[in-house]
């Protein structure tokens, strides 16, 4: 039995060293994720942290959201509405971080819901704005 465990351990270790997927020899490297893809990944990470009550995970992904927000490609237009949504998003991440630091799960959940609603409203405004229709808050 010990030999089987060692054998599996060696296979796992070797497997970690081998190139997989897009990084295999002869295949192109995968493109860097866009700022919105990173935002989604970190938002999902925060949700995972909330579900597990893992405040370190919440904080880690909240930091990732702040980094995405600071990315130059984040700012896609200069309208007052877009800037208001973007600033509100950042404030809600700060509230999320504060609640996480204080190990306040209810506060972190509320900040996450508020942040998510801001994202959806902003994306809706951007979609409708492209179609030339007015969106009222």
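Each reported figure results from applying straightforward, stated rules to the coordinates on display, with no laboratory input. Everything numeric in this text was worked out from a predicted model, so none of it was measured. Note that each Cβ is placed from the backbone with ideal geometry, even for glycine, and that neighbours are counted across all protein chains shown.
Placing a pseudo-label 7 Å from each Cα along the Cα-to-Cβ vector at residue 82 and residue 117 gives an inter-label distance of 2.4 nm.
Which FRET efficiency, nearest 0.05, do residue 51 and residue 74 yield, Cβ-Cβ r, R0 22 Å? Don't jump to the answer; show the numbers that get you there.
Numbers: r = 27 Å, r/R0 = 1.21.
E between residue 51 and residue 74, to the nearest 0.05, is 0.25.
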